[in-house]
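Here is the structure we will look at.
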Amino acid sequence: MSSLADGVDAALELSIFGSFTRVGSALRRKLEHWTALEGRTMTDRVVVMSGGTSGLGLEAARSFASMGATVEIIARNEAKAEATCAELRRSSGNERVSFVVADTGDLAALRRAAADLLRRHPAIHVLIHNAGALDDARQTSPEGIELTVASQVVGPFLLTGLLLPALKAAAPSRVLWVSSGGMYSEPLSVDRLEMSADDYDGTTAYARAKRAQVTLVELWAKKLEADRIFVHAMHPGWADTPGVARSLPTFRRLVGPLLRTPRDGADTLVWLAVDDGAPLTQSGLFWLDRRARPLHRLSSTRRSDTPEERERLWRWAVEKSGYSPA
Ligand SMILES: NC(=O)c1ccc[n+]([C@@H]2O[C@H](COP(=O)([O-])OP(=O)(O)OC[C@H]3O[C@@H](n4cnc5c(N)ncnc54)[C@H](OP(=O)(O)O)[C@@H]3O)[C@@H](O)[C@H]2O)c1
């Protein structure tokens, strides 16, 4: 990497606006000479991804399908999943694009989906936890867990555990989590992770769930090191997706044309899934624009991130999900 590229990257990182908008990805892409992902082949790889029916996940699924991968989308809406897969098969010419139905907050549905996936795919090369939403109204999962944390922390934790046999069989394999730069605002606090009806706020619940995701990524990475299963978190910056239009309309209007395209937002996710360089030499990191980024920008959140709190988070996830890794 040139010193100019390093300097520009450091300057961008100082300003969130520069780093997270399309300014950041455009400058880094040019100065760091990102290798093109088009033309890569994944014909021998199976990719399982939640949230492939919209936004970043749809763009990533499109890339995987056109690279020839076998793509399995985990989707909550059967009709939408059917239409998405048909469109992806048509546009990519790849027939191996299909789906299983599950809301990622519904643990029983995830158990059924995982059993189905394991039956059909003894080896899974890439598992991507992408499904996510910022909901203003508090809802609970069928198991009674607040839905933000159920669908973005507990469900993905369970699914990772259930699919381990197939991930081990495909090693070196990868588990990728789509987190958010919003997590920088929240400390790690297990007691405050699941918000009650009295104190629920969608933005805070979302940021806490995303903080928990990056911590779990570090913990899973250590546990799966010997199996050569590489675990990464990433964030897409700010991308113009249906999810942002629905949940953050004012933000979308303000940032306007500086938002990234969904394709741009999904770049690092696709890179982590297909590149056999850096993504297979390190594990447990948090990426933006193909570079590992710090987990903390504030001293207050850094102080909260103790070994004891991490251990508590792991125990909490085990208890809530009912899954205990061997
Ligand atoms: N766009 C950004 O700027 C941005 C920034 C930071 C992080 N992210 C993260 O990026 C990921 C993708 O977001 P996006 O912007 O692409 O949003 P999006 O356009 O709303 O797409 C979200 C996808 O997740 C699915 N999904 C949501 N909740 C689900 C659940 N409980 N069970 C199953 N599927 C579920 C949606 O399914 P349906 O099609 O059925 O709705 C959809 O396929 C999320 O994790 C989000 O937090 C996005």
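We did not get these values from a lab; they are worked out from the coordinates using the rules stated. Treat the numbers as computed from the prediction; the structure is a model and nothing was measured. Don't worry about glycine lacking a Cβ; one is built from the backbone with ideal geometry, like all the others, and counts go over all protein chains shown.
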Q.
Which residue is surrounded by the fewest Cβ atoms within 10 Å (Cβ to Cβ), if the candidates are limited to the range 270-317 and must be within 18 Å of HIS232 (Cβ to Cβ) and of a type in the set (Val, Ile, Thr)?
A. THR281
Q) Which one is surrounded by the fewest Cβ atoms within 10 Å (Cβ to Cβ), of the residues in the range 14-72 that are part of a loop (DSSP other than H, G, I, E, B) and charged (D, E, K, R)? A) GLU38
Q | Among residues of the range 178-210, those that are among the polar types (S, T, N, Q) and closer than 21 Å to LEU56 by Cα, counted | A | 3
(Q) Report every pair of residues separated by at least 6 positions or lying on different chains whose Cβ atoms are under 6 Å apart, first residue within the range 38-54 and on the phi > 0 side of the Ramachandran plot, second assigned to a loop (DSSP other than H, G, I, E, B) and within 15 Å of the ligand (Cβ to nearest atom). (A) GLY51/ASN130; GLY51/ALA131
Q) Can you pull out the residues in the range 131-188 that are away from the ligand (no atom under 13 Å from the Cβ), hydroxyl-bearing (Ser, Thr, Tyr) and not in a helix (DSSP H, G or I)? A) SER173
Q. With respect to ARG228, is the statement that it is surrounded by fewer than 22 Cβ atoms within 10 Å (Cβ to Cβ) and within 13 Å of the ligand (Cβ to nearest atom) true?
A. no
Q.
If I filter the range 61-81 for residues that are within 12 Å of the ligand (Cβ to nearest atom) and without any contact (Cβ under 8 Å) to a residue 12 or more places away in the chain, do I get at least one hit?
A. yes
Q | Within the range 189-205, considering residues that are assigned to a helix (DSSP H, G or I) and of a type in the set (A, V, I, L, M, F, W, C), the one surrounded by the fewest Cβ atoms within 10 Å (Cβ to Cβ) | A | VAL190
Q) In this structure, does ASP103 turn out to be in a loop (DSSP other than H, G, I, E, B) and either within 12 Å of the ligand (Cβ to nearest atom) or within 24 Å of GLY322 (Cβ to Cβ) (or both)? A) yes
Q. When residues of the range 235-263 are filtered for being crowded, with 21+ Cβ neighbours inside 10 Å, out of contact with any Pro (no Cβ under 8 Å at 6 or more places or on another chain) and over 14 Å from ASN130 (Cβ atoms), how many remain?
A. 3
Q) Is at least one residue of the range 236-259 away from the ligand (no atom under 13 Å from the Cβ), without any contact (Cβ under 8 Å) to a residue 24 or more places away in the chain, farther than 30 Å from SER66 by Cβ and of a type in the set (Lys, Arg)? A) yes
